[in-house]
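The block underneath contains the structure these notes are about, expressed in structure tokens.
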Amino acid sequence: MLFDLNLIKLVYANLPEKVDAARALLGRPLTLTEKILYAHIDGELPRMPFERGNSYVDFNPDRVAMQDATAQMALLQFMSAGKSKVAVPSTVHCDHLILAKDGATADLKEAEITNKEVYDFLASVSNKYGIGFWKPGAGIIHQIVLENYAFPGGMMVGTDSHTVNAGGLGMVAIGVGGADAVDVMVGMPWELKFPKLIGVKLTGKMSGWTSAKDVILKIAGILTVSGGTDAIVEYFGEGADSISATGKGTICNMGAEIGATTSIFGYDDNMARYLVATGRSQVASLANGIKDYLRTDPEVVANPEKYFDKIIEINLSELEPYINGPFTPDKAWSISEFAKAVEENDYPEKLDVGLIGSCTNSSYEDITRAASVAKQAEAKYIRVKSEFTITPGSEMIRYTMQRDGLIDVFSNIGGVVLANACGPCIGQWARHGAEKGERNSIITSFNRNFAKRNDGNPNTFAFVASPEIVTALTIAGSLKFNPLTDTLKNANGEEVKLDEPAGFELPINGFDVADNGYQAPAEDGSNVAVSIDPASKRLQELKPFPAWNGKNLKGLKLLIKVKGKCTTDHISMAGPWLKYRGHLENISQNMLIGATNFFNGHTNSVKNQFSHKYMPVPDAAKTYRDAGFLSIVVGDENYGEGSSREHAAMEPRFMGVAVILAKSFARIHQTNLKKQGVLALTFAYKSDYDRIHEDDVIDILGLESFEVGKNLTVLLHHADGSTESFEAVQTYNDNQFEWFKAGSALNLIRQNQK
Ligand code: F3S
């Protein structure tokens, strides 16, 4: 048994009482989110209800999960906190570092050689500190968590933004930076701003080509990439209960694409069935015992507008399949309008590659539905036009697929099964010819489609859809194909139509696996050695960042004024840089190289205030830092959206960036900046962004007399000698300001240990 049954028993033993107390405090029925959050607060119930979107609350999550790219830095930080064992059940998953090139077996072998040092480090740290270790090839973090660890009513954090996937099993699961994971692993409460609540009422029932993916693709179109910021999205209604547990997982997974803190569904029979099918019937029967506590209260379902901050209603019976993209997951097109959009926007019509699977869509249901479409190519003599890859989410899924003949179905139409890992979803794709930078289209069942994310080519137009739609378009080889209405010419010259997909929610013969790839930690890890080679290019022990000197920040050099979208991919690019995730100095050489400079419209080209020459961003930052100057980055809207990687916050800190001043921030990134001791501020008036000139030197005043809720002053020194000032908003609470004072949250943890 991999899950911690005693922990779940304990959570369920206390949950009803805590929920009843919260209901009494709030004096009204509760949403499911409120039940779980109030049941996980650290310490006593407050006297007054928390204010949504405002109160900072300390929570005690039940679990931590980390993927190999982010785990390196998280564990380096954990090691320096001086503890002997993790305080809550935690796991490490080796999924991000495997390069997709020649197929599963060869790629895995290659990864084991290339990443040996990192895998050995993660395995030994896990062994030493009581952390479950999932070897390379075992599967993708979120699929493994769903299959083994997620439980209704639980709360977890994970060092990956798609941790939210576990909401499919009724868990409040939140993507965090490594520094937050360290808080939880050292047994400290973990802080979160009490979220706002968006309710999604699902009515009707899906049929035909429509699948769970389309629910979230449509919502992404409604809410956009920032519409869920600081909010938890709660799904309810009879439509919600009609969706499988893994379908719910898909919907919650892509809640990250609307910036939501997380998303959640209430416990139902589908979840119970999934728990039983994945060897957790004890969890199902425990959950059945407190079922009402694991669902939205009926009065809330009846009058949702009274209890949620915003309501969206979707009738699943009328929902069409969606295709979202390119370059952003919130550009949503229903399938009936997509062909026209391709034409009008001049998207490359020819589809080069279709990719299915990933953490988002590799359930048995997804795979069998896609396979039912793939089978038809052979049966109806249709020649498949595009390349096709399949990424199983876990070894259990892959093994079961193989046993049930599904891998053969895909291979028969030219499909290449990749390793059970992230691969092309995170740019770990040695795509033939991508370096030529040619315009081309791909379609995936993944979650994200920012420029360059999949293959590094800025001219790859990546679209996102369900696995069955991806498979149909792959067969057709055209973005303009609508399988609901169009026909294809087969090898006999006949016009044939694809039948609607049909799949199985769960395997009839159950799941199966020979070796799941799990390694349990040592009972007593005190003698386990962890070594880091000082000459290593990939791992480096952390040195604490310097503490604040207690003075206002003066004379900051403007490093870059970012124009437009600046995701964590732009700040700390993935792809080839992933290998340096455990080496702060080396990975810092990618800092902000994807961000667009407002003043010249170029990426990775900023004016150096000493030489007045344009140079790469990391070089300019280094020049300032090495000359003893701090610098400042100015950002646009939703700065730092995308992922939870704290490298995007640690790199600026390491490179001497003291302040990020943006029009608005993505939640996780702003917290990450605060944790690393970078001052994260927003413009009080967004139009002040326009006042910042290329050669500005900037002071931040008011820090010496810091007060919670009190704005700071930004003083600009222009090159012509003139000055002007405006206000900046700081959202620090007292504890967060302690992080800033100590130099980082980790510095504070270490100080408190002594
Ligand atoms: Fe991996 Fe892509 Fe999911 S990077 S964790 S498969 S979002």
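Backbone geometry of the range 334-340 corresponds, through the Karplus equation with coefficients 6.51, -1.76 and 1.60 at θ = phi - 60°, to 3J(HN,Hα) couplings of 6, 4, 6, 9, 5, 4, 5 Hz, x marking Gly and Pro.
When ranked by the protection proxy of mean other Cβ atoms within 10 Å per residue, highest first, what sequence do the peptides 214-221, 572-579, 24-31 form? Could you put the intermediate results ahead of the total?
Numbers: 214-221: 25.8, 572-579: 21.0, 24-31: 15.5.
Ranked from most to least packed, the peptides come out as 214-221, 572-579, 24-31.
For the range 386-541, the calculated P(r), taken from all Cα-Cα distances in 10 Å bins from zero up to the bin holding the longest distance, is 9, 27, 29, 21, 10, 4, 1, 0 percent. Of all aspartates and glutamates in the structure, the ones whose alpha carbon falls short of 20 Å from that of residue 563, not counting any fewer than 8 places away in one chain, are 330, 619, 636, 637, 641, 651, 688, 690, 694, 695, 696. What the Cβ-Cβ distance of residue 412 and residue 343 gives, at R0 = 30 Å and to the nearest 0.05, is a FRET efficiency of 0.40. Descending by average beta-carbon neighbour count within 10 Å, the peptides 550-559, 742-751 line up as 742-751, 550-559, the highest first. Per the Kirkwood formula applied to alpha carbons, the range 5-317 shows a radius of gyration over Rh ratio, Rg over Rh, of 0.97.
Could you work out the percent of alpha carbon pairs in the range 643-691 separated by over 12 Å, rounded to a whole number?
On the way: 704 of 1176 pairs.
Result for the distance tail: 60 percent.
Taking Cβ atoms as reference points and 14 Å as the exclusive limit, the residues near residue 744 contribute a net charge of +1, counting Lys and Arg as +1 and Asp and Glu as -1.
Using the structure shown, select from 135/537; 193/686; 452/675 the pairs with a Cα to Cα distance greater than 25 angstrom. All intermediate terms of the calculation are to be shown ahead of the outcome.
Details: 135/537 22 Å; 193/686 23 Å; 452/675 28 Å.
Listed pairs above 25 Å: 452/675.
Each of 47, 63 was scored by other Cβ atoms within 10 Å of its Cβ. Listed from fewest to most, they are 47, 63. In the chain, the DSSP-assigned H stretches of four residues or longer account for a calculated mean residue ellipticity at 222 nm of -9000 deg cm²/dmol, using -39500 (n - 2.57) per stretch and the full residue count as denominator. For the range 269-281, putting each phi into the Karplus relation 6.51 cos²θ - 1.76 cosθ + 1.60 with θ = phi - 60° gives couplings of 5, 5, 5, 4, 4, 5, 4, 5, 5, 9, x, 10, 5 Hz, in residue order, rounded to whole numbers and with x for Gly and Pro.
Straight Cα distances below 21 angstrom link residue 205 to the lysines 213, 218, 248, with same-chain residues fewer than 8 positions distant left out.
Regarding the chain, what's the average projected area of the Cα-atom convex hull, expressed in nm²? Before the final figure, lay out the partial values.
On the way: hull surface 123.2 nm².
Average projection, Cα convex hull of the chain: 30.8 nm².
With the convex hull of its Cα atoms as the shape, the range 553-753 has an orientation-averaged projected area of 10.9 nm².
FYI, it's all coordinate maths here, none of it is from the lab. Just so it is clear, the structure is predicted and the values come from calculations on it, not from any experiment. Glycine also receives a Cβ, built like all others from the backbone with ideal geometry; neighbour counts cover every protein chain displayed.
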